[in-house]
1. For region 105-128, give me each residue that is of a type outside the set (Phe, Trp, Tyr), part of a helix (DSSP H, G or I) and in contact (Cβ under 8 Å) with a residue 40 or more places away in the chain.
2. Any residue at all in region 113-124 that is modelled with pLDDT under 75 and closer than 30 Å to residue 140 by Cα?
3. Between 625, 633, 595, which is modelled with pLDDT of 90 or more and not charged (D, E, K, R)?
4. Evaluate the following for residue 190: is it over 30 Å from residue 107 (Cβ atoms), surrounded by 10 or more Cβ atoms within 10 Å (Cβ to Cβ) and out of contact with any Ser or Thr (no Cβ under 6 Å at 6 or more places or on another chain)?
5. Looking only at region 293-319, count every residue that is open to solvent by less than 100 Å² (accessible area, probe 1.4 Å) and either in contact (Cβ under 8 Å) with a residue 12 or more places away in the chain or farther than 23 Å from residue 563 by Cβ (or both) and tell me the total.
6. Being open to solvent by 50 Å² or more (accessible area, probe 1.4 Å) and in contact (Cβ under 8 Å) with a residue 60 or more places away in the chain is the filter here, so list the residues in region 419-468 that pass it.
7. Would you tally the residues in region 590-615 being open to solvent by 80 Å² or more (accessible area, probe 1.4 Å) and within 23 Å of residue 502 (Cβ to Cβ)?
8. Looking for whichever is part of a helix (DSSP H, G or I), farther than 26 Å from residue 425 by Cβ and more than 26 Å from the chain's Cα centre (by Cα) here; the options are 614, 552, 565, 627. Which one fits?
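The values are calculated or read from the model by the stated rules, or taken from the named source; none is laboratory data. Note that the structure is predicted; figures quoted are calculated from it, not measured. For neighbour counting, all protein chains shown are included, and Cβ atoms are generated from backbone atoms with ideal geometry for every residue, glycine included. SASA here: full protein model, heavy atoms, side chains in, ligands and nucleic acids out. Shrake-Rupley method; radii C 1.70, N 1.55, O 1.52, S 1.80 Å.
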Amino acid sequence: MSLKELQLPPLLHSESLSVSRGSQQSITNGISRSKFIKTNAGETSGNLLSWPAEVTNQIVQKPRGIKHHGSLTKPRFLEQLESHLKRELEALDTHGIKVQELRLQVFQEVFGYLIEEFKTYKPIFSAIKNEYDVTLAHLREQIRDLLPLRAKLVLVSEQCEKRILDQRVQERDELRALKRECQRLQRVIESMRGQQTALQIQVDHLKEDLATQYQLYRDERDARKLLITRISTMTSTQDTEHDDNNEEDESEDPVVVKMALQVCREDLTKVQVELNRLQAEYSDVVPRRDWDNLNHIHEETLIKLETLQTDFDQLKSEYDTLLEVHRQSAPAVLHSSQSELQHIVTTPRPNWEQCSDILGGSERCKELFEGQSSQKRLEILLQQMNGQNDFFTGLGTSSDVPIYLQYEGQLKNLKLKKADVVRVIKDIWREKTSENEKNDDSRDLQMFLHSYLVEHYKDKAGEWAYSLMEIIQNNLEDDLICLFNDILIGKVDESIYHGQTQLLSYLLKVLIQSDTTQCGSLTVLEFSDALRKAFPLKADQDIEELLAVAQTELKSNGVRIAYQTLYTEDTDGRHKEFLSLVKKQATAERLQYISELRMQLEGKGEVDAEHLRTAFKTIDPSLDSETLDWNLSVAFQTKECELQTQALNTEVLLQRLSVANVNRAGPK
C-alpha cells in the first residue's frame with residue numbers, strides 16, 4: 001500500500017462530513033471540473049501531506065477565517081480546494097432568491113473535484129453523491145407538489161377564520177337577544193307573580209266572604225226551619241182549636257215557641273235598625289225619578305218662559321205700534337160714516353185660521369183665502385168640506401197593497417186634524433227609534449206602522465190608517481209629514497230621518513256646552529264659534545247664512561241669541577227657519593258628496609264592493625271602516641258582513657246612496 005492511499009482516509013472523512021453537513025440541494029453540473037483536476041494533478045499525485053481531520057472540519061465550516069493548527073502544514077490540494085470554495089462563495093449574490101441552491105452547487109463542484117482526485121474511493125463517493133442527488137430530487141418533487149396545497153391551505157384557513165368570526169358575531173347577537181328575552185321573561189314572571197299575589201288576596205277575601213255568606217245561609221236555614229215549625233204548629237193549633245182549647249195549649253212545644261219568638265225579635269230589631277238608618281240617611285234625599293221629572297219640567301218651563309217672553313216682547317212692540325197708529329188715525333175715524341162703524345162693530349169677524357186643518361194646512365188656507373171676501377171664503381170652505389167623504393173604500397188584501405192599508409169594506413173617515421197627524425207621526429218615530437236601539441235587525445216603516453196602529457187602535461186600525469194617509473197627502477208641504485211619507489213609500493231611506501234628528505240634537509248639545517253661564521243665550525261670537533264647532537266642514541258662507549237666519553228669526557238686537565228659542569215649533573209642529581235651513585244645508589252637502597262620488601266612478605258601467613270602497617276612500621280619506629261598511633251595505637242592499645264581490649250598475653248604487661244618510665266624514 002502506497003503512502004498516498006494511506007493518507008487519503010483522514011481527508012476523505014473530513015471532507016465527506018463537511019459536504020454532508022452543508023449540502024441541501026443537488027445540481028449535477030461538472031463545469032470546469034476536469035480542467036481544475038488536470039492543472040493540479042501534478043502537484044498532488046506524487047505526495048499528499050497528512051492533515052488532521054478536525055482542522056479540516058473547522059476550515060470548511062469557517063472558510064473566511066482559516067487558521068493553522070500548531071506547526072502543522074496544510075496540504076496544498078486542500079488549500080486549493082478551500083481557496084476555490086472561498087472564491088466561489090464570495091462571488092455569489094447573497095440577496096438572490098435561490099442563494100442556497102447556488103451554495104449547494106459550489107460545494108457539489110468541490111466534492112466532485114475530490115471524487116475525481118481520489119480514484120480508489122471514487123465508486124463509493126459517487127454512490128453517496130448519487131444517493132444524495134436522488135433524495136434531493138425526490139424532496140424537490142414533493143415540495144413542488146405541496147406548494148399548491150400550501151396556497152389552498154392558506155385560503156381555507158382564511159375562510160375558516162372568517163366563518164369563525166361570522167359565527168362569533170352571530171352567536172354574540174343571539175346571546176344578546178337571548179339575554180333580552182330572558183330579562184323580558186323575568187319581568188313577565190315578576191308581573192305574573194304580582195298578579196298571582198293579588199289573585200291570592202282576592203281568593204282569600206272571597207273565601208272570607210263565602211264563609212260569611214255560608215254562615216248567613218245557615219242562619220237563614222235555621223230561621224226558615226223555625227218558621228216552618230211555627231207555621232206547622234199554628235196550623236195544628238187552628239185545627240184543634242175547635243175541638244179543645246186546652247189540648248191546643250198542651251200540644252204546643254214551649255221550646256219551639258221560645259226559639260221562634262227569639263228569631264222574630266232579632267228580625268224586628270234588624271229591621272228597626274235598618275229603617276232608622278235609612279230615615280237618617282235619606283231624609284233629605286229626593287228620588288232620582290222625581291228629580292229627573294222635575295228637572296225635565298223645569299227645562300221645559302224655562303223654554304216656554306223664554307218663548308213667552310219673546311212673544312210678549314213682540315206683542316208689546318206691536319201693541320205700541322198699533323196704539324201709536326190708532327192715536328194718529330183716531331181723528332180720521334171719527335169723521336167716517338157712523339153706519340159703517342156700527343156695521344163693523346156689530347158684525348163678528350170669523351177666525352179663518354181655524355179652518356187650516358180642514359183645508360190641508362195654514363199655507364193652503366192662506367193660498368185659498370187670500371184676497372177673498374168672507375162670503376167667498378165660506379163658499380170655498382163648504383166646497384172643501386163637501387169634497388171629504390165620510391167613508392173610505394178599502395183597497396183589499398192583495399200583495400200590491402201596502403200592509404197598513406190591506407182592509408176591505410167601508411172604513412169611517414175620522415177627519416183628523418193636522419195636529420193629530422203630527423202627534424201620531426212623532427209618537428211612531430219615538431217608538432220606532434226605541435225598537436231600533438233594542439234590536440239589531442229592525443223592521444221597515446210599513447210593517448211598524450201596521451203594528452203600531454193595530455196595537456194602539458185595535459179594531460179601528462184601518463180607519464186610522466186611511467184617515468192618516470188622507471191628511472198626509474193633503475199636507476205634503478210640511479217637512480215632517482213629507483219626509484214620513486217618502487220613507488213610508490220607499491222613496492228615501494229611514495236613515496235620513498235619524499240623521500236629521502242626530503244632527504239637530506248634536507247642534508243643541510254643542511250650543512248648551514258653549515253656554516258657560518247657563519242663561520239660555522249666547523253672544524253672536526259665541527254662537528258663531530259653536531256653529532263652527534258643530535259643523536267643522538261647512539264653508540264660512542254657510543255659517544254666516546245660519547247666523548243671519550237665526551238673528552232674523554229671533555229678531556235679535558245683535559248682542560245675544562236665545563238658542564233654545566230656535567228649537568221651538570209652530571202650531572203645526574214644524575221647525576222654524578233656522579232648523580229648516582240646517583236640514584236644507586245638510587241635504588245639499590249630502591247630494592254634493594254623492595256628486596263627487598259619481599265623478600270618481602265616471603266611466604264605469606258596473607262597480608263591485610272593492611272598487612266602491614276605494615272610491616269612497618279617495619274622496620273622503622277620513623272615513624272610518626265602520627261607516628264605510630255601512631255605506632257599502634246601503635249601496636248593495638245587504639248586511640255589512642255579507643258583502644259580495646258581484647258588481648252592480650253604477651247608477652243603481654248612486655241612486656241608493658243618494659236617498660240614504662251618506663255624509664262626508666272629514667275634509668277633502
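1. Step one: of region 105-128, the residues of a type outside the set (Phe, Trp, Tyr) are 105-106, 108-110, 112, 114-117, 119-120, 122-124, 126-128.
Now narrow it down to the ones that are part of a helix (DSSP H, G or I): 105-106, 108-110, 112, 114-117, 122-124, 126-128.
Within region 105-128, 105, 108, 109, 110, 112, 114, 116, 117, 128 qualify.
2. Of the residues in region 113-124, the ones modelled with pLDDT under 75 are none.
No, region 113-124 has no match at all.
3. Being modelled with pLDDT of 90 or more and not charged (D, E, K, R) holds for just one of 625, 633, 595, which is 595.
4. Values: over 30 Å from residue 107 (Cβ atoms): yes; surrounded by 10 or more Cβ atoms within 10 Å (Cβ to Cβ): yes; out of contact with any Ser or Thr (no Cβ under 6 Å at 6 or more places or on another chain): yes.
Yes; evaluated as a whole, the condition is true for this residue.
5. 8
6. Once the filter is applied, which keeps residues that are open to solvent by 50 Å² or more (accessible area, probe 1.4 Å) and in contact (Cβ under 8 Å) with a residue 60 or more places away in the chain, region 419-468 yields 419, 423, 426.
7. Number of matching residues: 2.
8. On the way: 614 fails: more than 26 Å from the chain's Cα centre (by Cα); 565 fails: farther than 26 Å from residue 425 by Cβ; 627 fails: more than 26 Å from the chain's Cα centre (by Cα).
Going through 614, 552, 565, 627 in turn, just one is part of a helix (DSSP H, G or I), farther than 26 Å from residue 425 by Cβ and more than 26 Å from the chain's Cα centre (by Cα): 552.
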